[in-house]
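Chemist: I have a structure I would like to understand better, so I am pasting it below and will then ask my questions one at a time.
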Ligand SMILES: [Zn+2]
C-alpha cells in the first residue's frame, strides 16, 4: 500500500460515511446507512412471507381485528417516516411467545402470547409502536451497514458494497439477524437501540392518541413474566434491564402526555386537555 493510498483511506472513509448517513426520526440522531432501503424492504417482505409460512395464524377474530385496528392507527402517524410501506399486520397463534416484531416495508407480526402483557389497545399500541420505531430508526440498516464496513476489509470493498446496496442480502441472512435461539422472532438489538425504540415508540403511540402510560404497565408485566424464568442469553445481554427502560420512559412521560393530549384533542373535541 502506498503512502498516498494510506492518506486517502480516511478521506474516502469519511465521505463514504457522510454520504451514507441517515437522520433518525424523533431523536434526530445521525446514523450510518449504506444499504438500499428499497432492496431491504423487498428482502424483508420475502422474509415475512417465510415467517408466515412457518407459523399458524390466529383465528381469534376479536384479537386479529384489535391488532389490525391498533396497527393501522400507528401506521398513519409514521407515514412520513415510512411513506412507501405496504402495511401488513398479522397475528400468529402461539401463546408461548410474548413477542412482536416489525420489518422494513411495513410488515408487522404479533404472537398471541403478547396479550399476557399487552391486553388493551393502549398496551398493544406501545409494543407495536416500539417495534415500528426500530424500523423507522433503521436499526437493521445500521447493523447491516456496520457489517458491510467490517467485512469490506478496506474502503474500496466498502464502496463496492455500497454500490450494490442490500442487493446481496438474502432472506436467510436477514432472518439470521433475528434471534432464533429461543424461537423468538426478536432482533437482538443493543441496549442503546432498545432505548431509542422505547422513546420513539412512546411518541408514536402518543401521536396516534394512545395513552403513553401503557408503555410502563407493559414493561412492568414483562418484568413479572420474565423475572421468574431464566432468560435466553441473547435477551439478557442485549436488552437493557427493564427498570432502566422504565426510568427512561418516566423521564419522557411529561412530553409524551402533552403529545397525547394534543392528539386526543384533535380526534375528539369533547376531551379537554
Ligand atoms: Zn426492541
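FYI, it's all coordinate maths here, none of it is from the lab. Quick caveat, the model's predicted, so the values are computed rather than measured. Please note: Cβ atoms are built from the backbone with ideal geometry, for glycine as well, and neighbour counts cover all protein chains shown.
Chemist: For the residues 169, 177, 114, what sequence is obtained by ranking on other C-beta atoms within 10 Å, fewest first?
Modeler: Details: 169 22, 177 16, 114 25.
Least to most surrounded, the residues fall as 177, 169, 114.
Chemist: Shifting gears a bit: Starting from the Cα-Cα distance between residue 96 and residue 84, subtract it from 0.36 nm times their residue separation and give me the gain in nm to one decimal.
Modeler: 1.0 nm
Chemist: Test of understanding: ordering 86, 190, 122 by Cβ neighbours within 10 Å, fewest first, what list do you get? Could you put the intermediate results ahead of the total?
Modeler: Values: 86 10, 190 14, 122 20.
Least crowded to most crowded, the residues run 86, 190, 122.
Chemist: What list do you get for 87, 80 if you sort them by fewest beta carbons within 10 Å? Display every interim value, and only then the final one.
Modeler: On the way: 87 18, 80 8.
Fewest-to-most ranking of 87, 80: 80, 87.
Chemist: What is the mean projected area of the alpha carbon convex hull for segment 43-123, to one decimal in square nanometres? Walk me through the intermediate numbers first.
Modeler: Values: hull surface 20.7 nm².
Directional mean of the projected Cα hull area for segment 43-123 stands at 5.2 nm².
Chemist: So how much slack lies between residue 52 and residue 250, counting 0.36 nm per residue of separation and subtracting their Cα-Cα distance, in nm?
Modeler: Values: separation 198, 0.36 × 198 = 71.28 nm, distance 3.57 nm.
That pair, residue 52 and residue 250, stretches by 67.7 nm at full extension.
Chemist: Moving on to the next point. Would you mind computing, in nm to one decimal, how far apart the modelled labels at residue 65 and residue 170 are, each placed 7 Å from Cα along Cα→Cβ?
Modeler: According to this spin-label approximation, the distance is 4.3 nm.
Chemist: Any chance you could run the full-extension gain for residue 38 through residue 23? It's 0.36 nm times the residue separation minus the Cα-Cα distance, nm to one decimal.
Modeler: On the way: separation 15, 0.36 × 15 = 5.40 nm, distance 1.70 nm.
Residue separation times 0.36 nm, minus the Cα-Cα distance, leaves 3.7 nm.
Chemist: Just to be sure I understand: if I project the alpha-carbon convex hull of segment 25-90 onto a plane and average over all orientations, what area do I get in nm²?
Modeler: On the way: hull surface 23.2 nm².
Convex hull of Cα atoms, orientation-averaged projection: 5.8 nm².
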